[in-house]
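Below is one structure, written out as structure tokens; comments come after it.
The values are calculated or read from the model by the stated rules, or taken from the named source; none is laboratory data. Remember, it's a predicted structure, so these values are computed and weren't measured experimentally. Note that each Cβ is placed from the backbone with ideal geometry, even for glycine, and that neighbours are counted across all protein chains shown.
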Amino acid sequence: MKNYENIIKLYFSSMKLFEEIEKTPKDFGTGDLLYGSEIHTIVAIGENPGSNMTELAGIMDITKGGVQKFVKKLLAKDLIYKTQLPDNKKEVIYGLTKKGNIAYKMHETFEQKRFGKIYEIMDAMEEKEFRVLEGFLTELNAILSAGN
């Protein structure tokens, strides 16, 4: 017999645990405590150097105001820098400082340590099982998003 309530309970329990990971600040080797939103901004800049505010908002799927808030904090912590393009003084782009690069690389190590076992479980799945899980989560997100 299918236990729908248990599946939903497990899903929301895992989401709550992910939320705890995100809202607990961590030191990624720089002496600064960084929240999930801050380290994800560093990752977005590290993976897309020379991005402007609009591009970062698109990459991170948040508003420009959200990016601006995180950028301001990261500038104050000397984890990122901003500069203007030589041919366009209005356009501001962002990059990682030496300290920011340390956090960026340490985050990669953190991700492997934290999520490595999850990746191992997914690697062990048959392709069909993986597609069922992916399809279920995609549909679940669509249903939950439609409720807003």
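Taking region 77-104 as the range and being in contact (Cβ under 8 Å) with a residue 24 or more places away in the chain, of a type in the set (Lys, Arg) and part of a helix (DSSP H, G or I) as the test, only 99 passes.
Conditions tested, residue by residue: (1) within 24 Å of residue 43 (Cα to Cα); (2) at pLDDT below 95.
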site	(1), (2)
86	no, yes
91	yes, yes
95	yes, no
105	yes, no
117	yes, yes
126	no, no
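Scanning region 84-139 for residues that are closer than 30 Å to residue 52 by Cβ, aromatic (Phe, Trp, Tyr) and over 20 Å from the mean Cα position of the chain (by Cα) yields a total of 0. Residues considered: 54, 41, 30. Of these, the only one that is in a loop (DSSP other than H, G, I, E, B), in the same structural domain as residue 85 (by TED's automatic domain parsing) and of a type in the set (S, T, N, Q) is 30.
For region 42-57, the candidate set comprises residues that are touching a residue at least 12 places away in the same chain (Cβ under 8 Å) and more than 16 Å from residue 102 (Cα to Cα); within that set, the residue that is surrounded by the fewest Cβ atoms within 10 Å (Cβ to Cβ) is 50. Looking at 18, 28, just one residue is modelled with pLDDT of 95 or more and not polar (S, T, N, Q), and that residue is 28. Does any residue of region 23-30 turn out to be more than 18 Å from the chain's Cα centre (by Cα) and closer than 27 Å to residue 64 by Cα? Yes, some residue in region 23-30 is more than 18 Å from the chain's Cα centre (by Cα) and closer than 27 Å to residue 64 by Cα.
Among the criteria (1) without any contact (Cβ under 8 Å) to a residue 24 or more places away in the chain; (2) assigned to a helix (DSSP H, G or I); (3) more than 16 Å from the chain's Cα centre (by Cα), the one residue 2 does not fulfil is (2).
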